[in-house]
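The values are calculated or read from the model by the stated rules, or taken from the named source; none is laboratory data. It should be emphasised that the depicted structure is a prediction, and the values quoted were computed from it without experimental measurement. Ideal geometry is used to build each Cβ from the backbone, glycine not excepted, and the neighbour counts take in all protein chains shown.
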Amino acid sequence: MSLLRRLPPIPDHVRKAAPRRPGFDLGAQARGTFAPIATGLRRRRAWAEARAALRLHPEVADLDDATLLADWHRLGRKSRTVAKLRPRRLAILREVTHRTTGLLPHPVQLVAATALSDRTGVEMATGEGKTLVTAMAAALQAAEGWPVHVITANDYLALRDLEEGRALFDRLGLSCGGIDPEATPPDRREVYACDIVYASSKEIAFDHLRDRIAFGDATALGLKLDAAFGAAEAPIQRGLWSAIIDEADSVLIDEARTPLVISAPGGASELGRVAGQAVALARRLDPDTEYVLAPGTESPVRLTPDGEEVVAAIAEDLGGVWSGRRRSRELAERALYALHILQRDSHYILRDDKVEIVDENTGRVMPDRTWSEGLHQMVEIKEGLPPGEERATLGRLTFQRFFRRYMRLSGLSGTLIEARAELRGTYGLTVMPVPTHRPSRRRMAGTRILPDLAAKWEAVARAAEGHRAEGRPVLIGTRTVEAAEAAATALARRKLPHRVLSARQDAEEAEIIAAAGRAGAITVATNMAGRGADIRLDAAARAAGGLTVLATERHDSGRIDRQLIGRCARQGDAGLYEVLLSAQDPILGKAPPPRPRLADFRRAQAMVEALHRRQRADLNRMEDGLDDMMAFAGGLE
């Protein structure tokens, strides 16, 4: 017994998520039926604990630092009475936060912090202090004995938020660390031993997947004994206990359409040659009679019967992997997708003679991600680059499967309500909106629909010039790198000074965001200036009426549009936004109506959102099916 007490915490490699079977799910039905009741109970409990903490705060505010922190640590040891002691712990945390940061958490922030300790998704309006709330919630859970992972949408936000919370954690005696993408396994293991760990969703999930690949189905006791006696290297992570996810809808919904895959060089193969053949074949096909393009649908590329006959005839001469009509059709359609659907400066950029994928939801480059099944090699050939080598899959994991493995899961975002049904059905999260601390002063200037792209960019430049003349900073939100450059060109024609933030300028992100709130500044940005971007106004900008946001396109999800608009009028400041669309915007498809109305844009966006929901559900079902098929081998990991 004395030996076991000295062993490290049990890793999570034994506990497997129960697969979600297709068909009738009694648990899901029960969650759906009783969700409103559960949400109401959790809302009342959170508000009750926050009110109790506010009543206790004058008492703890009179304590000196030593007594206050001694009281905090004394409460932390009483794990069996966590619920009863949480109001006092929350009151102490409020006062320590005030003394450490100079910020006195508002009542609604206390509500959000305690709700995050109760397996809830909290919707807080942008600018309401989610970073501070996340740090407070992490401290509460860590004090109650839970190792906490604070998960963000990208590495930049993870390390930035860690630095903002570090002083608070240090004062409370809680260890903290962040996962740097360049960190080695020993460094990562040391960070994961901390009470609170900040990391991006991909880093956390990939570390878990690497551990699963390395240790497989080793028993908990076996891993403990091996680690204690040095018989094997310990896992990188020490388990999946509690996760607080910032921008939860981005991580749990938007990122959930793509499984995480760990791969290794697959050695010599014919993939490059086959990809080249497929691209050459696709270029010979007639777009009028032999294939149909339908971006934004479940079948974005489809061969016509005539096209299938042409492909079959050519494939017969090629032989090898081209044998069989189904296989040859798949290769041809994949090459057409690479040639006509995936667009440079929209879906990817070229940097250092490499194809780097751009995440549409965040606008960021993902240099370590590649398309599978030869698609990446086809894009490389399309761009005149030598095709990369084939990679063999070592393990794969979906975000749905990964996050359900946490014993306690919670999250927050400014845009959760739209996704509440999917969050409840997939992850068991109930969504609780929290009101703003001050009434919103955000104003809408309306929506304009221009006849073509040229007219839209000219209107955007004129609007930016007018707002700049009045001393207001302007943020022009675009969907792609290409659109950002078109906006910049229109501004340059009017000789308006501006900065551009896109996947090409990611190294300058912090500097550009810091300058975006200055009076008269004009910033053109993709989604990199959406989630997590805190544009702080100077005094002159605040006096001129705050930040103006010009939204130039509807995204695939209305939640992303709301995030962009949420950059203005934060924390009680004034702000203005205007939407400028065009009849040539990609979301309307290849055959837009001649004079589109706002309802056409809303309908097109709703169709894309429905498609993405079906894709996530299909991925879930496919993973469950593959898990059943591979059960004899211990699963997919």
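Some notes on this structure:
- Residue tally, condition closer than 12 Å to residue 550 by Cα and touching a Pro at 6+ places or on another chain (Cβ under 7 Å), over region 437-470: 0
- Residue list for region 583-613, filter: basic (Lys, Arg) and under 19 Å from residue 479 (Cα atoms): 590, 602, 603
- Sole residue being out of contact with any Gly (no Cβ under 9 Å at 6 or more places or on another chain) and among the acidic types (Asp, Glu), chosen from 298, 270: 298
- A search for C-beta distances below 6 Å between a residue of region 372-399 that is surrounded by 14 or more Cβ atoms within 10 Å (Cβ to Cβ) and any residue that is hydroxyl-bearing (Ser, Thr, Tyr) and part of a strand (DSSP E or B), counting only pairs 6+ apart in sequence or on different chains, returns 391/263.
- Residue in region 574-589 that is touching a Pro at 6+ places or on another chain (Cβ under 7 Å), over 16 Å from residue 457 (Cα atoms) and either among the aromatic types (Phe, Trp, Tyr) or in contact (Cβ under 8 Å) with a residue 60 or more places away in the chain (or both) present: yes
- Residues that are among the aliphatic types (A, V, I, L, M) and assigned to a strand (DSSP E or B) within region 116-173 comprise 122, 148, 150, 151, listed in sequence order.
For every residue, the table says whether it meets (1) among the β-branched types (Val, Ile, Thr); (2) assigned to a helix (DSSP H, G or I).
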| position | (1), (2) |
| --- | --- |
| 288 | no, no |
| 310 | yes, yes |
| 335 | no, yes |
| 362 | yes, no |
| 370 | yes, no |
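- Meeting the requirement of 1 or more residues that are exposed (fewer than 15 other Cβ atoms within 10 Å of the Cβ), the strands (runs of 3 or more DSSP E) wholly within region 440-546 are 441-450.
- Within region 502-514, residues that are of a type outside the set (Asp, Glu) sit with their Cβ atoms under 6 Å from residues that are modelled with pLDDT of 75 or more and outside any helix (DSSP H, G or I), at 6+ positions apart or across chains, in these pairs: 502/526; 503/349; 503/358; 503/365; 512/499; 512/501.
- Only one of the listed residues (544, 533, 529) is among the hydrophobic types (A, V, I, L, M, F, W, C), modelled with pLDDT of 90 or more and assigned by TED's automatic domain parsing to the domain that holds residue 598. That residue is 544.
- Cβ-Cβ contacts under 9 Å between residues 6 or more apart (or on different chains), taken from a first residue in region 277-302 that is free of Cβ contacts under 8 Å to residues at least 40 places away in the same chain to a second residue that is outside any loop (DSSP other than H, G, I, E, B) and small (Gly, Ala, Ser), are listed as 280/335; 286/307; 289/307; 290/307; 292/307.
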